[in-house]
Amino acid sequence: MSAAPTNQIPGYYHRKIGDITVTAISDGFLDGDVDVLRNIEPDDALSMLRANFRNGRRTYVNGFIIRSKGRVCLVETGSGNYLQPTAGKLLENVIAAGVDPNEIDTVLLTHMHPDH
């Protein structure tokens with residue numbers, strides 16, 4: 001197994017916690033549609049979101065690589081390349097983070113949706 005990398009770039013971020021290395025991996029982002037919200041007018045929803053975030057409609061999608069005791073675990077949503085064109089970057093950022101996808105011995109899907 002290759003050593004856990006320590007350099008940082010925008011597509012990933014390494015964090016050492018004891019003997020565990022956790023790497024946050026960017027899968028990209030999604031721009032949401034406030035029209036799907038109920039019991040609130042779209043303009044009111046956008047106003048509330050803008051008051052609390054830089055871009056209220058944008059949601060970032062991330063996965064994690066966890067290295068511990070010779071094991072490499074990928075934690076992610078399982079959405080693959082089926083969302084917006086701004087997402088689906090997980091594999092390329094896993095590789096950019098210095099992780100050989102063949103080293104991953106465990107995959108933990110965080111949630112399942114029928115659409116991805």
Leading residue by the ranking (modelled with the highest pLDDT) among those in region 25-39 that are of a type in the set (A, V, I, L, M, F, W, C) and in contact with a strand residue (DSSP E or B) (Cβ under 7 Å, 6 or more places away or on another chain):
25
Considering each of 88, 70, 63, 32 in turn, give the residue that is among the small types (Gly, Ala, Ser), in contact with a Leu (Cβ under 8 Å, 6 or more places away or on another chain) and within 30 Å of residue 104 (Cβ to Cβ).
63
Do we have residue 75 as within 10 Å of the chain's Cα centre (by Cα), at pLDDT 85 or above and farther than 15 Å from residue 22 by Cα here?
no
Please go through region 11-46 and pick out each residue that is without any contact (Cβ under 8 Å) to a residue 40 or more places away in the chain and closer than 17 Å to residue 83 by Cβ.
32, 33, 36
Do we have any residue at all in region 76-89 that's of a type in the set (Asp, Glu) and crowded, with 16+ Cβ neighbours inside 10 Å?
yes
Hey, does region 89-108 have a residue that's free of Cβ contacts under 8 Å to residues at least 12 places away in the same chain and over 28 Å from residue 15 (Cα atoms)?
no
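The values are calculated or read from the model by the stated rules, or taken from the named source; none is laboratory data. Source: prediction; values computed, not measured. FYI the Cβ positions are ideal-geometry reconstructions off the backbone, even for glycines, and counts take in every protein chain you see.
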